[in-house]
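**Student:** Attaching a single structure in structure tokens format; questions to follow.
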Amino acid sequence: MIWSFIKVVLFVAIVAGLTLGASYLAETGSGVRISVADMEFSLGPVQMVVAVLVALLVLWLVMKLAGLIVATLRFLNGDETALSRYFDRNRERKGFQALADGLMAIASGEGKVALAQAAKAERYLGRPELTNLIAAQAAEVAGDSKRATEVYKRLLAGDRTRFVGVRGLLRQKLAEGDTETALKLAEKAYALKPRHQDVQDTLLKLQAEKGDWKGARQVLGTKHRQGLLPRDVFRRRDAVLALQEAKEVFSDDAPIEVREAAIVANKQSPDLIPAAVLAAKGYVQSGKPKYAARVLKKAWEAQPHPDLAAAFAAIVPDETPTARLKRFEALLSSNPNHEESRLLRAELQIAAEDFPAARRALGDIAETHPTARSLTIMAAIARGEGEDDAVVRGWLTRALTASRGPQWVCDKCHNIQSDWTPTCDNCGSFDTLSWREPPHAAAPMANGADMLPLIVGRPASDPQKGEGDYGSTADEGSEKLVILDEEVGQRS
């Protein structure tokens, strides 16, 4: 409101001033006489002012026309001018519009449209660091892996786009299944950006598949130092990798290094069953059976497992069933109510021919949680107590179709494995195997005699004995269990 009033006042003042000036010039009566060749012009005061204004206007127009001619000549010469800037802005606007349309096409899965928009953006913008990336992604969406690879290789030339090019080629090689080249590209990408989490995970997975446990531990340590892994997760996974290092050394017959690596792995994650078993073997090799027993007891307290029991039995391989049962009390007492502890106690009692004690130890497991193992134990108890063959066969028949019980199961894809490995054999996920009973686990038990070495001692060295024939420590009760387990295996 105030500004409008001010503008009106200024306009009135200007008009009044011009009017007063024109009146003053008219009253003076003097003018200007101009002679050009044989022509003479006489101008009054007002006419003189108008002539001056017209002359100024003509001069301004001439200057603008001259400037336009100069700008046109510079534009044709390639110099930057207002005219060139106008066309540049127009091309830039069209180029960025093509980029936006290309991104929308990629998001909607229209590969051919995205490729066309990427080519249009390149034509208008001439900025390969932007358009090459869109072109590569568009080629991937369109399924043209060859063109995508070519574009990613062009990105390797620039410092700003080198990482993007390496990572794009890495994805291409992973899709093709070329893990050898993918590992080298992942190492290159990790060297360019060591804090990139996706590159770290990819490199860690490839190193684990390749068996480069030392390199994988270095990457894992980097993730932990950068705060990308909680301390407990880092310790667990580092223990897994250290365990694999120990296994690799073990295959090369280097027991000292095995002991060191396995013991480190066990200290980092005492509940890692394979690490506890390998550490116990290392202690036994170094003549420290008490340390081996301590490691296995701690692991049993966290998670009872048949491999731990087998390793505990291997500490004193040549002992009678009664002595073994007495020595195992120290292990069983650390987790007495666990199902694995009750099954193990029943098997040890069978080996000692104390079948009533074995039945008491087993309790109602065969009814509440029937598995091939628990039902086979019940068959052995029935045979040892002299029950009819029909009763024994009944237990064995149920064992054929019962669940196998806990197994190594991948938490991600639910794949079942007979042995623990750091990566899943099916999906390749790292540290996803857990000892648990899978859903719908009813299946025949492939080998019912897996626990016999634990019960009756190590196999005899007599070459005339069969693979399933054990040494002299096997008494009558153990021989009955051998027969029952062989029946289950044959029926399977």
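**Student:** Keeping to region 287-316, report how many residues are among the aromatic types (Phe, Trp, Tyr) and at pLDDT below 90. Break it down into steps so the answer makes sense when it comes.
**Tutor:** Step one: list which residues in region 287-316 are among the aromatic types (Phe, Trp, Tyr), which gives 291, 300, 312.
Retained after the next criterion (residues that are at pLDDT below 90): 291.
Residues flagged as among the aromatic types (Phe, Trp, Tyr) and at pLDDT below 90 within region 287-316 amount to 1.
**Student:** Under the condition of being part of a helix (DSSP H, G or I) and small (Gly, Ala, Ser), which residue from region 123-147 is farthest from residue 104 (Cα to Cα)?
**Tutor:** Looking at the filtered set, the residue picked out is 145.
**Student:** Residues of region 348-399 being touching a Lys or Arg at 6+ places or on another chain (Cβ under 6 Å) and either more than 27 Å from residue 326 (Cα to Cα) or aromatic (Phe, Trp, Tyr) (or both), which ones?
**Tutor:** The one that is touching a Lys or Arg at 6+ places or on another chain (Cβ under 6 Å) and either more than 27 Å from residue 326 (Cα to Cα) or aromatic (Phe, Trp, Tyr) (or both): 392.
**Student:** For region 164-214, which positions are farther than 21 Å from residue 151 by Cα and among the aliphatic types (A, V, I, L, M)?
**Tutor:** 191, 203, 204, 206, 208
**Student:** If the Cβ limit is 6 Å and pairs must be 6+ apart or interchain, which residue in region 162-184 that is without any contact (Cβ under 8 Å) to a residue 60 or more places away in the chain and closer than 15 Å to residue 152 by Cα pairs with which residue that is basic (Lys, Arg) and not in a helix (DSSP H, G or I)?
**Tutor:** 163/193
**Student:** Residue 140: touching a helix residue (DSSP H, G or I) at 6+ places or on another chain (Cβ under 6 Å) and acidic (Asp, Glu), yes or no? If you could, list the steps in order and put the result at the bottom.
**Tutor:** Numbers: touching a helix residue (DSSP H, G or I) at 6+ places or on another chain (Cβ under 6 Å): yes; acidic (Asp, Glu): yes.
When the stated conditions are applied, residue 140 passes them.
**Student:** Can you tell me which residue is farthest from residue 306 (Cα to Cα) among those in region 348-384 that are in contact with a Leu (Cβ under 7 Å, 6 or more places away or on another chain) and among the basic types (Lys, Arg)?
**Tutor:** So the residue we want is 383.
**Student:** Answer yes if at least one residue in region 225-232 is at pLDDT 80 or above, under 16 Å from the mean Cα position of the chain (by Cα) and in a helix (DSSP H, G or I), and no otherwise.
**Tutor:** Checking region 225-232: not a single residue is at pLDDT 80 or above, under 16 Å from the mean Cα position of the chain (by Cα) and in a helix (DSSP H, G or I).
**Student:** How many residues does region 284-301 hold that are of a type in the set (Gly, Ala, Ser), under 22 Å from residue 269 (Cα atoms) and surrounded by fewer than 17 Cβ atoms within 10 Å (Cβ to Cβ)?
**Tutor:** Pass one, region 284-301, residues of a type in the set (Gly, Ala, Ser): 286-287, 292-293, 299.
Among the residues that remain, those that are also under 22 Å from residue 269 (Cα atoms) are: 286, 292-293, 299.
The next check asks that each one be surrounded by fewer than 17 Cβ atoms within 10 Å (Cβ to Cβ); those that pass are 286.
The number of residues fulfilling the criteria is 1.
**Student:** Moving on to the next point. Just give me the residues in region 389-407 being within 28 Å of residue 274 (Cβ to Cβ) and crowded, with 20+ Cβ neighbours inside 10 Å, in sequence order.
**Tutor:** Listed by number, the residues that qualify are 399, 402, 403, 405, 406.
**Student:** Is it the case that some residue within region 343-353 is within 21 Å of residue 281 (Cα to Cα) and crowded, with 23+ Cβ neighbours inside 10 Å?
**Tutor:** Just the residues of region 343-353 that are within 21 Å of residue 281 (Cα to Cα), to begin with: 344.
Narrowing further to those that are crowded, with 23+ Cβ neighbours inside 10 Å: 344.
Within region 343-353 (the criterion being within 21 Å of residue 281 (Cα to Cα) and crowded, with 23+ Cβ neighbours inside 10 Å), the answer is yes, since at least one residue qualifies.
**Student:** Please enumerate the residues belonging to region 104-127 that are of a type outside the set (Gly, Ala, Ser), crowded, with 16+ Cβ neighbours inside 10 Å and under 21 Å from residue 90 (Cβ atoms).
**Tutor:** 117, 120, 122, 124, 125, listed by residue number.
Here is a yes/no grid of residues against (1) at pLDDT 95 or above; (2) more than 21 Å from residue 381 (Cβ to Cβ); (3) outside any loop (DSSP other than H, G, I, E, B):
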site	(1), (2), (3)
318	no, yes, no
325	no, no, yes
329	no, no, yes
334	no, yes, no
337	no, no, no
353	no, no, no
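**Student:** Right, something else. In this structure, is residue 168 part of a helix (DSSP H, G or I), in contact with a Phe, Trp or Tyr (Cβ under 6 Å, 6 or more places away or on another chain) and either over 26 Å from residue 420 (Cα atoms) or among the small types (Gly, Ala, Ser) (or both)?
**Tutor:** For residue 168, the condition - part of a helix (DSSP H, G or I), in contact with a Phe, Trp or Tyr (Cβ under 6 Å, 6 or more places away or on another chain) and either over 26 Å from residue 420 (Cα atoms) or among the small types (Gly, Ala, Ser) (or both) - is met.
The values are calculated or read from the model by the stated rules, or taken from the named source; none is laboratory data. Predicted model, so just to flag it, every value in this text is computed and none were measured. No Cβ is skipped: glycine too gets one built from the backbone with ideal geometry, and neighbour counts run over all protein chains shown.
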